[in-house]
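Notes to accompany the following structure.
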Amino acid sequence: MSRSHPELRTPPALPEGGLRVIALGGLGEIGRNMTVFEHAGKLLIVDCGVLFPEEHQPGIDVILPDFTSIRDRMDDVVAIVLTHGHEDHIGGVPYLLRERRDIPLVGSRLTLAFIDAKLKEHKIKPVTREVAEGDEVSFGPFDLEFLAVNHSIPDALAVAIRTAAGLVLHTGDFKMDQFPLDRRITDLRGFARLGEEGVDLFLTDSTNAEVPGFTMSEGELVPAIEKVFRTAPRRVIVSSFASHVHRIQQVLDQAHAHGRKVAFVGRSMVRNMGIARDLGYLNVPDGLVVDMKVLEKLPANQVCLVCTGSQGEPMAALSRMANRDHVIRVTEGDTVLLASSLIPGNENAIYRVINELTRWGANVVHKGNAKVHVSGHASAGELVYCYNLVQPRNVMPVHGEWRHLRANGDLAIRTGVHPKGVVLAEDGFVVDLVNGRVSITGKVSAGNVYVDGETVGGATEAHLKDRRNLAEEGVITVVAIVDADTGRLAEPPDFLARGFVHDESTFTEVEPLIEKALARAAEEGVGGAIQLEQLISRAVGQWAHRTYRRSPMVIPIVIDA
């Protein structure tokens, strides 16, 4: 099994007739999926998603792939293929199109409708090419064929990429639900046909590679969801991803069956469900979905609210309800249904929301205490099934953390793929397919690009470290008036502290340390304001750590007397 190489540097030129594959996101993480294929001087991009921030990334809205390695080659990009409409696969597209607006977006009807609505907010009118399963289209040297795959959102596609270097099959996110709500099953016959043709590189969804057996069918959730609607004494509040059309359909069906009216809460939820309904992917009985103002006049046992926030996102509707920061007030007897998975890294935020909702008297139903969620990803049994069908020459696990990628690679080897043909790459690793063989040949920049309000890429790890430091350790501002002639303090310094536990006498022992540092600087002829501020910062920082075992941010301000 090919592994990471710490000595990797800029890759050599791609050999003539070869195919280069670079994942700029989605490897070693759940989200930010983006894969770049290079052949015959042209680039094809599959997906461009976002990663949602964790608690150690305060103030960050979303995290993008790093476009640095392709920024000067935007004219070589022939298309962006979008496998489905989840944010971790399409959320980065508006930022990529800022680099070049006329790159064709290729995807299914629902996927393009979701991204088109998103792009309107960014004032970008895209060039789109709608495709469906069975379609074959070409962009430059890439001949593409699309296959139906089942996922937790309608209209998901796998893509086969034919080039002179070989045939690549990229599953996108998929599972093998044999009884999907939309009766659209994963095209295993197509997978087998491509296997007969000869798949040179198989990129497979790794998210559930550690989970044995087969992923449960979406339809198996009906009893648990039905029970919620049958037994809830007051309002039912459902939280889900804003793009999880299948799950919302089940909620609407049960609300209708139990005489409840429904209102969508949250901008993205209202937008996406409106699109899904207009395109026929969401079946909404007449009169079922009403405006919030209508819902407010109904008895509580006739009310169902569908909102965002199933991952504990601080600004999403459910989190704001839990924090009493929303017009909808959760009260005693309400039932809250969390109809989504726990994305790794979000567990603490989700449980915090569950605790707060419970505190206000709600009965919270989630995957930990009821069968209200099934994964949208293939488990180990399904992956093995696909490996045996496709019999690929080479495999590159994608979409998952390291443990998922390794588990997926191990499954491929157990089905007969040669260990040297299984490549475990990280974001930015350059994987070349030449003469039917894969190898890691280099590495390009693929760090996190942070979106912070309207700023893209401005926030760095250093900024986040400062924010964490401010949150955990506090800040001490020291205002020192220094005599320009002697370099000594003209009067005692002022201390302003926030988030640092102190009283009036706390800083009395710091003044002599500052005087000592300034005296030493005067003897050595150091008199510049910047150098003096650094000396004061060091003296105060060392004192705080020695005395209180804290490391507050120290902001020194030196003023000439």
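Report P(r) for the range 361-454: all Cα-Cα distances, bin width 10 Å, range 0 to the bin holding the largest distance, values in whole percent.
Values per bin, smallest distances first: 13, 33, 25, 18, 8, 2, 0.
Putting +1 on Lys and Arg Cβ atoms and -1 on Asp and Glu Cβ atoms, find which of Ala300, Phe67, Met321 reaches farthest to the positive end of the dipole of the chain.
Ala300
Nearest 20 debye, what's the magnitude of the dipole of the chain about its Cα centre given +1 on Lys and Arg Cβ and -1 on Asp and Glu Cβ?
So the dipole magnitude of the chain works out to roughly 1520 debye.
Could you give the length gained by full extension between Met216 and Ala519, i.e. 0.36 nm per residue of separation minus their alpha carbon distance, to one decimal place?
Additional length available on full extension: 101.8 nm.
Mind giving me the FRET efficiency for Arg71 and Thr231? R0 is 41 Å, r the Cβ-Cβ distance, nearest 0.05 is fine.
Plugging the Cβ-Cβ distance into 1/(1 + (r/R0)^6) gives 0.15.
May I ask you to compute the full-extension gain from Ile413 to Asn388, defined as 0.36 nm times their residue separation minus their alpha-carbon distance, rounded to one decimal in nm?
Length difference between fully extended and current span is 7.9 nm.
Accessible area per residue for the range 71-154 in Å², computed with a 1.4 Å probe and the full protein assembly in place, what is it? Write down the numbers at each step before the final one.
Details: 3170 Å² over 84 residues.
Ligands and nucleic acids excluded, the result is 38 Å² per residue.
Just the number please: accessible area per residue for the range 492-561, 1.4 Å probe, all protein chains included, in Å².
63
What 222 nm value per residue comes from the helices of the chain, counting each DSSP H run with n ≥ 4 as -39,500 (n - 2.57) and dividing by all residues, nearest 500 deg cm²/dmol?
Value at 222 nm, helices only, nearest 500: -8500 deg cm²/dmol.
In the chain, with Lys and Arg counted as +1 and Asp and Glu as -1 at Cβ, which of these residues, Val423, Gly172, Val434, has the Cα nearest the positive end of the dipole, that is, farthest along it?
The residue sitting most towards the positive pole is Gly172.
With each pseudo-label sitting 7 Å past Cα toward Cβ, what's the Val501-Thr486 distance in nm, one decimal?
3.8
Could you order the peptides 536-546, 267-277 from most to least packed, using the average number of other C-beta atoms within 10 Å per residue?
Highest-to-lowest ranking by the protection proxy: 267-277, 536-546.
Looking at the square roots a ≥ b ≥ c of the eigenvalues of the Cα gyration tensor of the range 1-124, which shape do they give, rounded for a/c under 1.5, prolate if a/b is larger than b/c, or oblate?
Oblate shape, in that a/c is at least 1.5 and b/c is the bigger or equal ratio.
How big is the charge dipole of the range 61-208 about its Cα centre, in debye rounded to the nearest 20, if each Lys and Arg gets +1 on its Cβ and each Asp and Glu gets -1 on its Cβ?
Here the range 61-208 has a charge dipole of around 400 debye.
How many nm separate the modelled label positions at Asn283 and Arg437, each set 7 Å beyond the Cα in the direction of the Cβ?
5.4
Please give the length that would be gained between Tyr351 and Met292 if that part of the chain were fully extended, namely 0.36 nm times their separation in residues minus their C-alpha to C-alpha distance (nm, one decimal).
Contour length minus Cα-Cα distance gives 18.5 nm.
Output the peptides 32-39, 517-524, 485-492 sorted from most to least packed, where packing is the average of other Cβ atoms within 10 Å over each peptide's residues.
32-39, 517-524, 485-492
Ordered by packing density, taken as the mean number of other Cβ atoms within 10 Å over each peptide's residues, highest first, how do 182-191, 427-436 rank?
Highest-to-lowest ranking by the protection proxy: 427-436, 182-191.
Among the listed pairs Lys42/Lys123; Lys261/Lys367; Lys120/Lys293, give every one whose C-alpha distance is greater than 29 Å.
Over 29 Å apart, Cα to Cα: no pair at all.
Carbon and sulfur atoms: what percent of the 1.4 Å accessible area of the chain do they account for?
The value for the chain is 49 percent carbon and sulfur by accessible area.
In degrees between 0 and 90, to the nearest 10, how far off the longest principal axis of the chain does helix 245-257 point, with axes built from Cα atoms?
The angle comes out near 80 degrees.
Taking the Cβ-Cβ separation of Trp402 and Val127 as r and a Förster radius of 45 Å, what is the calculated FRET efficiency to the nearest 0.05?
Rounded to the nearest 0.05, the efficiency is 0.80.
In straight Cα distance, which aspartates and glutamates are under 18 Å from Lys465, not counting same-chain residues fewer than 8 positions off?
Here the aspartates and glutamates satisfying the reach criterion relative to Lys465 are Glu54, Glu55, Asp61, Asp452, Glu473.
Report the label-to-label distance for Asp466 and Ala192 in nanometres (one decimal), using points 7 Å from each Cα along the Cα→Cβ vector.
Going from the Asp466 label point to the Ala192 one covers 6.1 nm.
What FRET efficiency do you get for Thr331 and Ile530 if R0 is 45 Å and r is their Cβ-Cβ distance, rounded to the nearest 0.05?
0.20
Helix 461-473 versus the longest principal axis of the chain: what angle, 0 to 90°, nearest 10, using Cα atoms?
Helix 461-473 and the main axis of the chain meet at about 60 degrees.
Can you tell me the orientation of helix 380-390 relative to the chain, as the angle in degrees between its alpha-carbon axis and the longest Cα principal axis, to the nearest 10?
It is inclined by approximately 60 degrees.
Dipole of the range 516-560 (Lys/Arg Cβ +1, Asp/Glu Cβ -1, origin at the Cα centre): which of Gly541, Ile559, Ile530 lies farthest to the positive side?
Gly541
Using the heavy atoms of the protein chains and a 1.4 angstrom probe, tell me the accessible area per residue for the range 207-271 in square angstrom.
39
The values are calculated or read from the model by the stated rules, or taken from the named source; none is laboratory data. Since the model is a prediction, treat every value here as computed from it, not as a measurement. Cβ atoms come from the backbone with ideal geometry, glycine included; neighbour counts cover every protein chain shown. Ligands, DNA and RNA are excluded from the accessible area calculation, which covers all protein heavy atoms including side chains. Shrake-Rupley method; radii C 1.70, N 1.55, O 1.52, S 1.80 Å.
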